[in-house]
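K.L.:
One structure is given below, represented as structure tokens, and several questions about it will come after.
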Amino acid sequence: MRPEGFSAVMAHRVTTPDSLDYFPTPPWAARAGGELIRRLDPQARTCWEPACGEGHMVHGLNDDFDTVSASDIHAYGAGAAFDFLDPEAPMTRSVWDWIVTNPPFVKGEAFVRAAWPRARRGVAMLMRMQFREGKARASGLFADHPLAVKATFAERVAMVKGRWDPGASSATAYAWFLWLKPEALATSPARAAIEAARAFDPTAGLDLLISPGTRARLERPADFQRFGLTAETPMFDPPPPETDPETEI
């Protein structure tokens with residue numbers, strides 16, 4: 001059953017406002033996150049993607065969740081249109097097991113803090129590795145909400161502003177950052193390992209690697225068909241460019 005106020009993912013594309021930090025997630029990278037969540041929390045069944053764009057992450061997460069709800073601040077056509085960070089926004093009740101998204105980098109901390117009370121079992125954010133850096137986040141966000149897992153991609157996850165380009169390359173490193181609620185941690189197969197890691201650093205959890213070959217294993221022809229692309233793209237990690245194509249914050 002789809003929660004009230006959410007719409008199904010549509011196939012049409014719309015113009016993205018220049019002011020939005022919109023970098024579509026390759027569906028294979030979303031599947032890697034979905035797999036990891038289900039390994040950590042086998043009871044996970046539903047999730048909300050609150051920065052869904054045109055639905056690239058939703059498409060990948062559908063493999064591992066019974067229900068994936070979608071929304072975004074802009075009406076891309078892939079879900080309901082409202083600002084997830086607006087305290088007056090709809091859909092604030094905790095009816096989803098997980099909240100999973102690739103948020104704008106500069107709003108990453110705000111997304112985590114807004115997601116935590118709305119998720120029943122956990123929060124997962126696909127972010128640049130730099131998100132773990134910084135004195136303010138170390139003494140603020142990560143002290144308030146200790147990580148359960150940081151899973152870094154061994155292969156580069158190339159993201160281009162405003163579109164999904166399967167042939168793009170990048171020098172930027174990405175990771176899935178995951179926080180488990182006490183209820184989920186209590187039943188997680190990784191509970192002992194997470195608690196052991198926190199014994200050394202109370203703000204951290206497990207440090208994992210999403211292994212080479214994950215893209216080849218999880219990327220599918222249906223992904224390209226779904227978003228009007230061709231499958232003529234390399235199934236290996238291309239060499240990074242001299243400079244990062246993204247604007248560093």
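The values are calculated or read from the model by the stated rules, or taken from the named source; none is laboratory data. Since the structure is predicted, the reported quantities are computational estimates derived from the model, not experimental observations. Backbone-built Cβ (ideal geometry, glycine too); neighbour counts: all protein chains shown. The accessibility values were calculated without ligands, DNA or RNA, using every heavy atom of the protein model including side chains. Shrake-Rupley method; radii C 1.70, N 1.55, O 1.52, S 1.80 Å.
K.L.:
What spacing in nm lies between the two simple spin-label points modelled at Ala222 and Trp116, each 7 Å away from Cα in the Cβ direction?
P.N.:
Going by the 7 Å Cα→Cβ label model, 3.6 nm.
K.L.:
If I stretch the segment between His145 and Ala192 completely, what's the gain in nm (0.36 nm per residue apart, minus their alpha carbon distance), one decimal?
P.N.:
15.1 nm
K.L.:
Give me the extension gain from Ser94 to Phe200: residue separation times 0.36 nm, minus the current Cα-Cα distance, reported in nm with one decimal.
P.N.:
35.0 nm
K.L.:
Using a probe of 1.4 angstrom, how much of the accessible area of the stretch 35-115 is carbon and sulfur, in percent?
P.N.:
47
K.L.:
Just order 128-134, 154-160, 47-53, 106-112 by mean Cβ neighbour count inside 10 Å, highest at the front, would you?
P.N.:
So the order, starting with the most tightly packed, is 47-53, 154-160, 106-112, 128-134.
K.L.:
Which order do you get for Arg45, Arg39 if you rank them by accessible area with a 1.4 Å probe, largest at the top?
P.N.:
Ranked list, largest accessible area first: Arg39, Arg45.
K.L.:
Here is a follow-up. When only the heavy atoms of the protein chains count and the probe is 1.4 Å, how do Glu54, Glu195 rank by accessible area, highest first?
P.N.:
Accessible-area ranking of Glu54, Glu195, largest first: Glu195, Glu54.
K.L.:
Give me the 1.4 Å probe accessible area per residue for the stretch 77-229, excluding ligands and nucleic acids, in Å².
P.N.:
In whole numbers, the stretch 77-229 has 42 Å² accessible per residue.
K.L.:
Sticking with this one: Can you compute 3J(HN,Hα) from phi for each residue in the stretch 110-117, using the Karplus curve 6.51 cos²θ - 1.76 cosθ + 1.60 with θ = phi - 60°, rounded to whole Hz and x for Gly and Pro?
P.N.:
Couplings: 4, 5, 4, 5, 6, 6, 3, x Hz.
K.L.:
Would you list, by chain and number, the lysines whose Cα falls below 25 Å from the Cα of Lys161, excluding same-chain residues fewer than 8 positions away?
P.N.:
Lys107, Lys150
K.L.:
Based on the Cβ-Cβ distance from Ala75 to Val160, what FRET efficiency comes out when R0 is 25 Å, to the nearest 0.05?
P.N.:
E(calc), rounded to 0.05, equals 0.75.
K.L.:
Place the peptides 82-90, 164-172, 177-185 in order of packing, highest mean first, counting for every residue the other Cβ atoms within 10 Å and averaging per peptide.
P.N.:
177-185, 164-172, 82-90
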